[in-house]
1. For SER466, which of the numbered conditions (1) of a type in the set (Gly, Ala, Ser); (2) under 28 Å from GLY377 (Cβ atoms); (3) buried (at least 20 other Cβ atoms within 10 Å of the Cβ) fails to hold?
2. Among GLY355, GLY445, GLY377, GLY413, which is crowded, with 19+ Cβ neighbours inside 10 Å, in contact (Cβ under 8 Å) with a residue 24 or more places away in the chain, more than 29 Å from GLN545 (Cβ to Cβ) and not acidic (Asp, Glu)?
3. Out of all the residues in segment 442-470, which are out of contact with any Phe, Trp or Tyr (no Cβ under 9 Å at 6 or more places or on another chain) and β-branched (Val, Ile, Thr)?
4. Just checking, which of SER453, SER514, SER509, SER500 is assigned by TED's automatic domain parsing to the domain that holds LYS537, touching a helix residue (DSSP H, G or I) at 6+ places or on another chain (Cβ under 7 Å) and either surrounded by fewer than 16 Cβ atoms within 10 Å (Cβ to Cβ) or under 30 Å from GLY339 (Cα atoms) (or both)?
5. Out of the residues in segment 235-283 that are charged (D, E, K, R) and touching a residue at least 60 places away in the same chain (Cβ under 8 Å), state the one that is nearest to PHE184 (Cα to Cα).
Amino acid sequence: MTSIDSFISVPLFASAIFGLFILLSLLTLKIKGKTKPSFIFYITIAVLILGGIYSAISKKSIFFVFAIIISEFLIETFILFKSFDNPEKREAKRLAKAASEAGHSGDQDSVSASVIAELEEKHKRTLQVHNDFVNKVSTFFSSDNSMESFLEYCNGVLREKVLADGCIILIADDYDQVLAVKSFVGSFPPPYKLPDDLPHKPLRVETNLRFAQFQLSGNIFGDIFKEGKPVLIEDSVKDPRVYQNGPEDFLKTGSYIFAPIREEENVVGLIGLAKNPGESKFNKDDLDKVVDLADAISMTMNPLYSFLAYAEKTELNKGGSIASKYQKDLLPQKLPVIGKTSIGCFTNQAEGVCGDYYDILASRKDKVSFIMADVAGKGMNSLIVMIMIRAILRLAVNTAQSASTIMTWTNRGICGDTSKIDHFASVALINYNSTTKEAEISTCGNNPVFLFSAKDKTIKQISTPSEPLGVTKETVFEDIKLQLNSGDILAACTDGLLESLNENGVQYSSSSLSRIIIKNCNASAKEISNKVKDDLKKFCGVAQQYDDQSLLVIKIQ
């Protein structure tokens, strides 16, 4: 006889399916927003569904009974919670929390307003500092020492703003890769190691600092410059970067501030401020002030540099135009006719530069002097030195002295000049005897002389770089003696020709000059010089040149 338990799975599955429909109905109500059923109902229905399914599968109704008991417990717990719940009290707590959050937000708004006001005040002060520097720098444009005067003004402002005892400003020299002191005022105990042979006297130490140059590493100035960040040293005795030079009071170090001077993104200088020991130390506020002032100085120096560069270029162009006119008058207007030789030459003057000079002097029947000179400096400065060299050489070549002796006389005459202008020059002097075809050559500086041998069809430089004219009276010059033959070629040029650049930054070089001479060795000297001139023009293209280009060609016939 079949027991009723044999059919227990049917109602259990039916209850599970019915519970599933209830669960879906609750979810539908929640989604549509009709009501918000408690999560207790979801758990209860889920327990009943799982209990019914498991009991039907296992054929043991006991599991469904346990599912009903758990569901009843959950429902009863929910009912008890609702019985003791006070909606008004809960709403009051919610409102109190909202008010607290609103008050906190108000405090934050108040703090934000305070920060914004502080930032606005700081920016106003910074803007005022920049305006003061910009307005002040215009007064230095007409000064003879514009940059020095401006830096002294900056020193005064820096010391006043942070009550410093001393201030130093260093500017980088890109060519020599050093930091040079450009302005120094007050008391600034050296934070670097003084030379061992320097007496520890205030005046000697101050002089050493005033004219000092520092490498970009291995000392406190160079290291901070390289790092490019402001530095505050409150207690220098405890800072290993600061060197303690001695027990003397004026050498004892206190606190320091260092701040970089920038040109766009590049660091170009360094500001240093010092307070003596015993004074109140620098602090963070002082550092912030110095950084603001350093930024203002950086921005102001750029237009001042631009103005000085423009003024220098204008002065050079003006002086160069005048000097260029007179220089052309100094060059031979017509080449002399010399038996058994042909001569070719040219000069290309770069804008604002006029330092090249050549001359051909037939002093005697058996002697012709060829001169190629490159005077240091630009404009009127080089013209004055050029006139001095020209006058001395024109007198000296009329003697029977050797080329080296004539160069020695010229050098002593130039070195005797005590003016402040530079008086250096590279010179090549060629004394040629047209009767014996002998040449005597003496050179100084960087003007090369080349010899093409018609016999070997080779060309080589016969001169060597040496000390230029005008360095010291004791300079020793040498003679180079040559026996020339028909077809041989002597070529003297200035370094401006060999160092001419094309658009890719490649130099013309001696190899290009040699190639043209060898290729045209059967032509006259004039034709050879014209070929070199054309080749040089083609090589350089539209690239701007910064030095004169000069060539003198002598061919033995």
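1. The number of the failed condition is (3).
2. The unique qualifying residue is GLY413.
3. Of everything in segment 442-470, those that are out of contact with any Phe, Trp or Tyr (no Cβ under 9 Å at 6 or more places or on another chain) and β-branched (Val, Ile, Thr) turn out to be VAL449, THR464.
4. Of the residues listed, the single one that is assigned by TED's automatic domain parsing to the domain that holds LYS537, touching a helix residue (DSSP H, G or I) at 6+ places or on another chain (Cβ under 7 Å) and either surrounded by fewer than 16 Cβ atoms within 10 Å (Cβ to Cβ) or under 30 Å from GLY339 (Cα atoms) (or both) is SER509.
5. LYS275
Table: residues versus (1) closer than 22 Å to ILE517 by Cβ; (2) in a loop (DSSP other than H, G, I, E, B); (3) not hydroxyl-bearing (Ser, Thr, Tyr).
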| position | (1), (2), (3) |
| --- | --- |
| MET388 | no, no, yes |
| LEU395 | no, no, yes |
| SER426 | yes, no, no |
| LEU451 | yes, no, yes |
| VAL471 | no, yes, yes |
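Rundown of residues vs (1) of a type in the set (A, V, I, L, M); (2) closer than 18 Å to VAL242 by Cβ; (3) in contact (Cβ under 8 Å) with a residue 40 or more places away in the chain, yes/no style:
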{"site": "PHE150", "(1), (2), (3)": "no, no, yes"}
{"site": "CYS167", "(1), (2), (3)": "no, yes, yes"}
{"site": "ALA172", "(1), (2), (3)": "yes, no, yes"}
{"site": "VAL178", "(1), (2), (3)": "yes, no, no"}
{"site": "VAL181", "(1), (2), (3)": "yes, yes, no"}
{"site": "SER187", "(1), (2), (3)": "no, yes, yes"}
{"site": "LYS193", "(1), (2), (3)": "no, yes, yes"}
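Residue-wise test of (1) modelled with pLDDT of 80 or more; (2) touching a Ser or Thr at 6+ places or on another chain (Cβ under 8 Å); (3) farther than 24 Å from LYS161 by Cβ.
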| site | (1), (2), (3) |
| --- | --- |
| ASP235 | yes, yes, no |
| TYR243 | yes, no, yes |
| ARG262 | yes, yes, no |
| VAL267 | yes, no, no |
| ALA274 | yes, yes, no |
| LYS289 | yes, no, no |
| LEU304 | no, yes, no |
| LYS318 | no, no, yes |
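The values are calculated or read from the model by the stated rules, or taken from the named source; none is laboratory data. All figures in this text were calculated on a predicted structure; none of them were measured in a lab. Cβ coordinates were reconstructed from backbone atoms using ideal geometry, including for glycine residues, and neighbour counts include every protein chain displayed.
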